[in-house]
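The values are calculated or read from the model by the stated rules, or taken from the named source; none is laboratory data. All values reported here derive from a predicted model rather than from experimental measurement. With ideal geometry, Cβ positions are generated from the backbone for all residues, glycine too; neighbour counts draw on all protein chains shown. With ligands, DNA and RNA removed, areas are computed over all heavy atoms of the protein, side chains included. Shrake-Rupley method; radii C 1.70, N 1.55, O 1.52, S 1.80 Å.
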Amino acid sequence: MTDTESHLTTLRNDFGLHPVFAVELEFYVYDAMSEAEILETLDSICKDCHPGEKERGENQYEIALMPVKDVAEFIRRATNLRKVIAAHFDADFRAKPFADDYGSALHFHLHLEDENGRNVFTRSEEGEYSAPLLHTLGGLLATMQENLKIFSPNNMSRFTSAGKNAPTHLSWGPNNRSVALRLPDKPLDNKHIEHRVASADANIAECVQAILQGVVYGLQHQSDPGEPTYGNAWDNQYTLKPLLG
């Protein structure tokens with residue numbers, strides 16, 4: 001049994017929960033094509049994806065794989081997505097191809113469902129997050145630094161580029177793109193975590209294993225993620241721990 005299978009078994013047997021994953025892949029394209037042509041091609045080569053988007057970097061693009069409930073199938077699709085893009089474009093998946101431009105990431109999206117297929121990541125009308133959501137956030141933060149080499153195996157300079165849309169500190173917050181773990185603005189009964197740490201050239205299967213490790217740890221230890229961050233996480237006023245600290 002692999003570590004990933006072991007984590008899935010623990011989630012199922014001990015907590016009655018199952019993870020659902022999606023991913024956003026960022027990359028640079030060097031082909032002599034217009035933006036419209038690149039986006040049209042992206043849309044044609046991935047039918048399980050949301051429409052491709054132009055990203056902030058010059059010649060940088062993003063494509064997002066839709067949620068997949070079968071974890072092994074998610075890993076297969078996400079890994080294949082990079083291969084398909086490379087077959088159609090002169091694509092660059094390096095974490096930080098240009099020192100003064102935006103880095104490229106793998107943003108993993110995750111929520112947990114109970115045995116009835118109901119999302120257990122919720123927020124009440126009063127603003128209280130569900131215990132599984134908070135504990136998962138806490139576990140992911142608690143295990144993040146030990147897994148940093150998995151999330152970014154070749155170049156960690158993304159984590160020092162404040163203001164370049166990449167995380168620099170151990171942090172979480174609602175709809176905040178400067179934190180490591182973002183909670184996108186979704187309905188109260190259907191929240192999910194956007195794990196923003198992995199680089200575009202990371203190994204998909206290893207990242208999934210590391211994320212599941214954090215999920216299990218958080219649920220087992222009822223980990224506390226601390227207070228959310230609403231402003232720029234790199235701002236000294238928050239006294240957050242640097243990812244590379």
Please find, within segment 113-129, the residue that is farthest from Ala202 (Cα to Cα) out of those that are open to solvent by less than 40 Å² (accessible area, probe 1.4 Å) and in contact with a strand residue (DSSP E or B) (Cβ under 7 Å, 6 or more places away or on another chain). Tyr129
Name the pairs whose Cβ atoms lie under 7 Å apart, with the first residue in segment 1-21 and open to solvent by 40 Å² or more (accessible area, probe 1.4 Å), the second acidic (Asp, Glu) and at pLDDT 95 or above, and 6 or more positions between them or separate chains? His18/Glu113
Answer from Lys47, Lys96, Lys69, Lys54 - the residue that is open to solvent by less than 40 Å² (accessible area, probe 1.4 Å) and among the charged types (D, E, K, R): Lys96
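Give the residue, chosen from Ala180, Ala99, Ala166, that is in contact with a strand residue (DSSP E or B) (Cβ under 8 Å, 6 or more places away or on another chain), of a type in the set (Gly, Ala, Ser) and closer than 30 Å to Met33 by Cβ.
Values: Ala180 fails: closer than 30 Å to Met33 by Cβ; Ala99 fails: in contact with a strand residue (DSSP E or B) (Cβ under 8 Å, 6 or more places away or on another chain).
Just a single option satisfies the conditions, and that option is Ala166.
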Cβ-Cβ below 7 Å, separation at least six or inter-chain, first residue in segment 35-52 and over 19 Å from Asp90 (Cβ atoms), second of a type in the set (A, V, I, L, M, F, W, C): which pairs? Asp48/Leu65; Asp48/Met66; Cys49/Ile63; Cys49/Ala64; Cys49/Leu65; Cys49/Met66; His50/Ala64; His50/Met66
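Return the residues of segment 96-116 that are within 24 Å of His192 (Cα to Cα) and under 19 Å from the mean Cα position of the chain (by Cα); say none if nothing qualifies. Working first, answer last.
Initial filter on segment 96-116 (within 24 Å of His192 (Cα to Cα)): 103-116.
Result: Gly103, Ser104, Ala105, Leu106, His107, Phe108, His109, Leu110, His111, Leu112, Glu113.
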Would you confirm whether any residue within segment 177-196 is crowded, with 21+ Cβ neighbours inside 10 Å, free of Cβ contacts under 8 Å to residues at least 60 places away in the same chain and over 19 Å from Leu112 (Cβ atoms)? yes
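Check whether at least one residue in segment 204-224 is in a loop (DSSP other than H, G, I, E, B) and either within 14 Å of the chain's Cα centre (by Cα) or buried (at least 22 other Cβ atoms within 10 Å of the Cβ) (or both), and report yes or no.
Going residue by residue through segment 204-224, those that are in a loop (DSSP other than H, G, I, E, B) are 222-224.
Still in the running and either within 14 Å of the chain's Cα centre (by Cα) or buried (at least 22 other Cβ atoms within 10 Å of the Cβ) (or both): none.
The answer is no; no qualifying residue exists.
Condition (residue is crowded, with 18+ Cβ neighbours inside 10 Å, polar (S, T, N, Q) and part of a loop (DSSP other than H, G, I, E, B)) applied to segment 151-159: is it met by at least one residue?
Yes, that holds for at least one residue.
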Within segment 163-192, track down each residue that is over 15 Å from Gly226 (Cβ atoms) and of a type in the set (Val, Ile, Thr). Thr168
Options Leu140, Leu148, Leu134; residue that is part of a helix (DSSP H, G or I) and in contact with an Asp or Glu (Cβ under 8 Å, 6 or more places away or on another chain): Leu134
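The rows are residues; the columns are (1) modelled with pLDDT of 95 or more; (2) among the acidic types (Asp, Glu); (3) in contact with a helix residue (DSSP H, G or I) (Cβ under 7 Å, 6 or more places away or on another chain).
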| site | (1), (2), (3) |
| --- | --- |
| His107 | yes, no, no |
| Asp114 | yes, yes, no |
| Phe121 | yes, no, yes |
| Tyr129 | yes, no, no |
| Leu133 | yes, no, no |
| Ala142 | yes, no, yes |
| Leu148 | yes, no, no |
| Ala162 | no, no, no |
